[in-house]
Amino acid sequence: MGSSVLKPNAKIAPERESEALAIRNNMIIELLVNVLDEALVIERHILRERLANLIELADYDEELTETLHGVINKL
């Protein structure tokens, strides 16, 4: 059940980590609100995949995108 948007080897840029963590947290909150609205159960791997999709759809620079994928992998 893998997805091509997941980047398991993504590296975290230390200078962008706090920014990426804040964005990740906001994305998680947004996804959880959607899940609660839809009364769904979400598994960790699905959460990671949905977050990875949101990252790819966003307009972040390459370094931040890579860092976001790295912090998502820590979930």
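Summary table
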read-out	value
Yes/no for LEU57 being aliphatic (A, V, I, L, M) and surrounded by 10 or more Cβ atoms within 10 Å (Cβ to Cβ)	no
Among the residues listed as GLU15, GLU66, the single one being part of a helix (DSSP H, G or I), among the acidic types (Asp, Glu), modelled with pLDDT of 90 or more and surrounded by fewer than 15 Cβ atoms within 10 Å (Cβ to Cβ)	GLU15
Candidate set: the range 19-53, residues that are among the acidic types (Asp, Glu) and under 23 Å from LEU64 (Cβ atoms); chosen: the one modelled with the highest pLDDT	GLU19
Residue among LEU40, LEU32, LEU47, LEU51 that is surrounded by fewer than 17 Cβ atoms within 10 Å (Cβ to Cβ) and either outside any loop (DSSP other than H, G, I, E, B) or small (Gly, Ala, Ser) (or both)	LEU32
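The values are calculated or read from the model by the stated rules, or taken from the named source; none is laboratory data. The shown structure was predicted, so the numbers you read here are calculated from the model rather than taken from an experiment. A quick note on method: Cβ atoms are made from the backbone with ideal geometry, for glycine too, and the neighbour counts reach across all protein chains shown.
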